[in-house]
Amino acid sequence: MLTTEHISFQHEEQVILKDITTSFEKGSHTTITGPSGSGKSTFLKLLASLLTPTKGAIMFNGQNIADLTPEKYRKQVSYCFQQPSLFGETVRDNFMFPYEVRKIAFQESDVLNLLNEVKLPESYLDKKINELSGGEKQRIALIRNVIFLPEVLLLDEVTAGLDEESKAIVNQWLLKLNQEKNVTLIRVTHDPEEIAQASIVKKIIAGSLEGAK
């Protein structure tokens, strides 16, 4: 479904990634590991079309993503930041946005169900975002990404810095999306438990992709 064909990425004189060819099947759960500075987050941003490869191509369902509009592609391949970025004043403002860009009426019952799934009260729909904890902000940001289910979720250390309770809630929910909704997960993490949850592990060392299990 999603493949990279000999992609490299260079910033000025620094080669960050070199000649990476790999693939991700529909419904798979892959973790990208490797030491800090090895290029993991850069690789994820390339998959998200937030960066453009210096060489090579990224293919999604048989099409070069360079030939797709960013809006169309990002509706199917959704990138989740390590530090959640919420906007507006309330949680509702963030949940209304995916409906507005699609010109669809806001479905409050759907987002209330999602709040329940990540163990947040329905009253949080009108909670001010500056009153949320870090773990709550991350859960709100993740819900915003999956109100309309993408085919792929790209997760860039989304549980880093969360308390153990929030981390467990997020991980349980992500596994449910993968196993029950067939959402493809590709995540960067250093957490041993999260690495163990993945069915596939790919390692990037010094910009190159090492053997996978």
Please tell me if T33 is in contact (Cβ under 8 Å) with a residue 60 or more places away in the chain, farther than 23 Å from K181 by Cβ and in contact with a Lys or Arg (Cβ under 6 Å, 6 or more places away or on another chain). yes
For region 89-109, how many residues meet the condition of being over 20 Å from the mean Cα position of the chain (by Cα), within 16 Å of L142 (Cα to Cα) and of a type outside the set (S, T, Y)? 2
Residues of region 1-27 that turn out to be crowded, with 19+ Cβ neighbours inside 10 Å and either among the small types (G, A, S) or more than 28 Å from L177 (Cα to Cα) (or both), as a count: 4
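For the condition within 22 Å of I169 (Cα to Cα) and modelled with pLDDT of 95 or more, what is the one hit in V77, V91?
Numbers: V77 fails: within 22 Å of I169 (Cα to Cα).
Residue meeting the stated conditions: V91.
Determine, yes or no, whether G161 is out of contact with any Phe, Trp or Tyr (no Cβ under 7 Å at 6 or more places or on another chain), outside any helix (DSSP H, G or I) and of a type in the set (G, A, S).
Criteria met by G161.
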Within region 91-133, how many residues are among the charged types (D, E, K, R) and in contact with a strand residue (DSSP E or B) (Cβ under 9 Å, 6 or more places away or on another chain)? 3
I'd like the full set of residues that are in contact with a helix residue (DSSP H, G or I) (Cβ under 8 Å, 6 or more places away or on another chain) and small (G, A, S), limited to region 50-69. A57
Kindly check whether there is at least one residue in region 162-174 that is within 16 Å of K40 (Cβ to Cβ), surrounded by fewer than 21 Cβ atoms within 10 Å (Cβ to Cβ) and not β-branched (V, I, T). no
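Given region 78-158, what helices (runs of 4 or more DSSP H) lie entirely inside it while holding 1 or more residues that are crowded, with 20+ Cβ neighbours inside 10 Å and of a type in the set (S, T, N, Q)?
On the way: elements: 91-102, 108-117, 134-146.
Once the helices (runs of 4 or more DSSP H) in region 78-158 are filtered for at least 1 residues that are crowded, with 20+ Cβ neighbours inside 10 Å and of a type in the set (S, T, N, Q), what remains is 91-102, 134-146.
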Kindly check whether there is at least one residue in region 110-127 that is at positive phi and either over 13 Å from the mean Cα position of the chain (by Cα) or modelled with pLDDT of 95 or more (or both). yes
For region 28-49, how many residues are assigned to a loop (DSSP other than H, G, I, E, B) and either loosely packed, with under 15 Cβ neighbours inside 10 Å or touching a helix residue (DSSP H, G or I) at 6+ places or on another chain (Cβ under 7 Å) (or both)? 5
Take the conditions in contact with a Pro (Cβ under 9 Å, 6 or more places away or on another chain) and in contact (Cβ under 8 Å) with a residue 60 or more places away in the chain and apply them to T184. Does it pass? yes
Residue, nearest to M59 (Cα to Cα), within region 70-86, restricted to residues that are in contact with a helix residue (DSSP H, G or I) (Cβ under 9 Å, 6 or more places away or on another chain) and free of Cβ contacts under 8 Å to residues at least 40 places away in the same chain: Y73
Given the criterion out of contact with any Lys or Arg (no Cβ under 9 Å at 6 or more places or on another chain) and more than 18 Å from S36 (Cα to Cα), identify the matching residue among N182, N130. N130
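The values are calculated or read from the model by the stated rules, or taken from the named source; none is laboratory data. The structure displayed is predicted, hence computed values, not measured ones. Ideal geometry is used to build each Cβ from the backbone, glycine not excepted, and the neighbour counts take in all protein chains shown.
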